[in-house]
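The values are calculated or read from the model by the stated rules, or taken from the named source; none is laboratory data. Worth saying up front: this structure is predicted, and the values here are computed from it rather than measured. Neighbour counts run over all protein chains shown; Cβ positions are idealised from the backbone, glycine included. For accessibility, only protein heavy atoms count, side chains too; no ligands or nucleic acids. Shrake-Rupley method; radii C 1.70, N 1.55, O 1.52, S 1.80 Å.
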Amino acid sequence: MHPRMSCCGPSRRTVLGALALATLLPFAGRTEKSSAQPNTIVATDLEVVTITDTSVILTWTTLAPDPSGRLIPVGADTQVRISPADSARAPLLVFADDRPTPFHYAEIGGLEPGRAYRFEAWSAGLRATPALSLTTADPAAPEARGEFTTLVPPPGRKLHTLALANDVHYGEQVSGLIAGDLPPGVRQGPGLAPYPEVMLTAVLDDLRRPDRAAELLLLAGDLTAEASASDTRAVRARLDAWGALGHDYLAVRGNHDRPHLGGEYAGCAPAPADHHDCWADVFSARQELVEHEIGGLRVLGVDTSRLDGAGGSIERPQFDHLAERLRADPDRPTLLFGHHPVTAESGFTNLAGPGFVLDGRDSAELQALYTRSPGVFLQHSGHTHRNRRTRPDAPCAVEFLEVAAVKEYPGGYSLLRVYEGGYMVNFYKTRTEDARRWSALTRGEYFGLLPDYTLGTCADRNHVVLRDFSGLR
């Protein structure tokens with residue numbers, strides 16, 4: 001994502017939050033205790049990231065000023081207190097970890113579906129508070145209210161769990177740049193592994209744990225920074241060490257993975273107009289449809305990348321192939337994934353504007369195709385690095401879901417849990433120590449304004465949709 005800045009300025013409260021968070025940028029590689037002043041610790045950036053039917057995940061950060069007065073991350077304990085919202089008693093301690101960390105992650109299970117709970121997060125004897133961000137300071141947000149309600153899962157058996165992820169940017173060295181060296185970006189600390197590797201490893205580690213248990217990973221583009229031969233081979237090797245392409249994971253390219261010009265790419269497969277395509281050597285050819293089935297659920301991956309540029313399009317041969325597949329079995333439950341968002345709402349609400357998403361003519365044709373294919377229920381996109389659901393422009397019952405980036409704040413993936421009576425979507429931040437550190441530090445990108453753009457509302461991140469999937473197995 002390298003968008004132009006939007007036309008509209010932030011509110012005063014957001015600016016104040018940006019100034020506070022921007023103090024982290026000079027210390028992106030530091031986590032210190034000895035030089036901080038513990039008696040002035042603040043517990044901030046509280047986020048209710050994930051709410052399922054039986055669990056909740058909270059994250060926050062503890063900071064303290066160094067001798068020069070600049071805030072730096074400082075370790076403290078982690079506590080969470082929860083009680084039913086209709087209970088007269090104060091929230092009870094349900095999670096406690098005395099190991100000091102600046103980057104707090106607490107997952108609490110055993111909750112009842114569809115029930116409201118009051119909660120408090122504590123570190124160093126201080127109650128954590130949300131940042132000065134419109135997303136979490138909104139009076140309706142769980143962080144501001146101190147209350148959340150668990151989801152009610154769809155009826156019937158749970159059938160499958162799929163992971164939706166995108167925007168790894170393997171090979172990238174500086175996160176958060178828009179043009180040239182501006183605004184100030186964030187670099188990985190000396191001696192630490194490159195952050196795209198840290199964040200992808202954290203995702204892959206998460207997905208194999210029993211509490212996530214994803215059967216299939218869908219990667220919706222921008223796996224590389226600029227599709228060099230070395231980065232493309234490296235990210236493929238990392239994924240292959242985890243699972244098999246076409247069985248455990250599927251991948252489509254994004255605009256960063258497109259064919260390139262220049263001597264660095266000369267050894268890769270030839271592409272039109274003197275370009276060379278390193279992605280094609282390692283993954284798949286340009287504008288090639290990816291097809292898969294899991295228990296009767298059809299999964300189709302669309303290459304929306306252009307030969308040049310950040311916007312998206314679907315060339316005629318791939319479009320015809322897609323239309324043929326949908327026309328042959330229009331009622332089959334079908335999930336599509338591709339890099340570029342589709343809807344007009346997405347075009348007008350992302351930072352770079354309508355030219356950043358799928359071409360308007362292709363979008364209209366694609367959505368018209370969906371109106372004749374009632375089995376299509378969700379399209380997963382990346383590219384904008386945000387969690388957001390947008391409205392279709394045609395009368396189709398399709399959810400258009402954008403998922404935040406793997407490589408930077410909020411740093412994670414979504415799980416799609418499919419039941420006989422519908423599906424549940426939940427966004428998860430990755431939880432290794434190095435990943436939590438990097439996610440917390442990169443929330444300072446764009447002068448601290450990134451959370452208001454990328455985190456998304458609680459409903460964007462966590463929701464249930466009822467559909468009839470009783471024919472799946």
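Things to note:
- When residues of the stretch 63-108 are limited to those that are over 18 Å from Leu126 (Cβ atoms) and polar (S, T, N, Q), the one surrounded by the most Cβ atoms within 10 Å (Cβ to Cβ): Ser83
- If only residues of the stretch 175-212 that are in contact with a helix residue (DSSP H, G or I) (Cβ under 8 Å, 6 or more places away or on another chain) and free of Cβ contacts under 8 Å to residues at least 60 places away in the same chain are counted, the one that is farthest from Ile108 (Cα to Cα) is Glu197.
- The listed residue being in contact (Cβ under 8 Å) with a residue 40 or more places away in the chain, open to solvent by 20 Å² or more (accessible area, probe 1.4 Å) and polar (S, T, N, Q), out of Thr136, Thr129: Thr129
- You will find that of Glu264, Glu288, Glu293, the residue that is touching a residue at least 12 places away in the same chain (Cβ under 8 Å), open to solvent by 30 Å² or more (accessible area, probe 1.4 Å), over 20 Å from the mean Cα position of the chain (by Cα) and under 20 Å from Gly338 (Cα atoms) is Glu288 and no other.
- Residue in the stretch 225-244 that is within 15 Å of the chain's Cα centre (by Cα), at pLDDT 95 or above and under 29 Å from Leu378 (Cα atoms) present: no
- Residue match in the stretch 82-93 (condition: modelled with pLDDT of 95 or more and under 30 Å from Gly191 (Cα atoms)): no
- Residue match in the stretch 321-330 (condition: under 24 Å from Leu162 (Cα atoms), open to solvent by less than 10 Å² (accessible area, probe 1.4 Å), out of contact with any helix residue (DSSP H, G or I) (no Cβ under 9 Å at 6 or more places or on another chain) and not acidic (Asp, Glu)): no
- Positions within the stretch 172-188 being open to solvent by 10 Å² or more (accessible area, probe 1.4 Å) and out of contact with any Pro (no Cβ under 7 Å at 6 or more places or on another chain), in sequence order: Gln173, Val174, Leu177, Ala179, Gly180, Asp181, Leu182, Pro183, Pro184, Gly185, Arg187
- For the stretch 444-463, the criterion of being under 20 Å from His104 (Cα atoms), more than 13 Å from the chain's Cα centre (by Cα) and basic (Lys, Arg) is satisfied by no residue at all.
- Residue count for the stretch 198-212, restricted to those that are open to solvent by 40 Å² or more (accessible area, probe 1.4 Å) and either in a strand (DSSP E or B) or of a type in the set (D, E, K, R) (or both): 4
- Residue tally, condition farther than 17 Å from Leu336 by Cα and out of contact with any strand residue (DSSP E or B) (no Cβ under 9 Å at 6 or more places or on another chain), over the stretch 394-408: 1
- Number of the condition not met by Glu215 [criteria: (1) in contact (Cβ under 8 Å) with a residue 40 or more places away in the chain; (2) over 18 Å from Gly301 (Cα atoms); (3) open to solvent by 10 Å² or more (accessible area, probe 1.4 Å)]: (2)
- Per this entry, Gly312 is counted among residues that are touching a residue at least 40 places away in the same chain (Cβ under 8 Å), crowded, with 21+ Cβ neighbours inside 10 Å and either small (Gly, Ala, Ser) or within 17 Å of Ser381 (Cβ to Cβ) (or both).
- Residue satisfying condition, being touching a residue at least 12 places away in the same chain (Cβ under 8 Å), among the small types (Gly, Ala, Ser) and either buried (at least 24 other Cβ atoms within 10 Å of the Cβ) or touching a His at 6+ places or on another chain (Cβ under 6 Å) (or both), within set Gly471, Gly412, Gly422: Gly412
- For the stretch 189-197, the criterion of being part of a helix (DSSP H, G or I), open to solvent by 20 Å² or more (accessible area, probe 1.4 Å) and either of a type in the set (Val, Ile, Thr) or under 30 Å from Thr334 (Cβ atoms) (or both) is satisfied by no residue at all.
- Out of Leu111, Leu182, Leu151, one residue alone is of a type outside the set (Gly, Ala, Ser) and touching a His at 6+ places or on another chain (Cβ under 9 Å). It is Leu151.
- Residues in the stretch 244-259 that are open to solvent by 20 Å² or more (accessible area, probe 1.4 Å) and on the phi < 0 side of the Ramachandran plot: Ala244, Leu245, His247, Asp248, Arg258.
- Any chance Ala364 is surrounded by fewer than 19 Cβ atoms within 10 Å (Cβ to Cβ) and touching an Asp or Glu at 6+ places or on another chain (Cβ under 8 Å): yes
- Taking helices (runs of 4 or more DSSP H) as the structural unit, those lying wholly within the stretch 367-473 and holding at least 1 residues that are farther than 30 Å from Leu192 by Cβ correspond to 458-461.
- Residues that are of a type in the set (A, V, I, L, M) and either buried (at least 19 other Cβ atoms within 10 Å of the Cβ) or under 17 Å from the mean Cα position of the chain (by Cα) (or both) are absent from the stretch 380-396 altogether.
- If you go through the stretch 45-72 and keep only what is within 17 Å of Ala440 (Cβ to Cβ) and out of contact with any strand residue (DSSP E or B) (no Cβ under 6 Å at 6 or more places or on another chain), you end up with Ala64, Arg70, Ile72.
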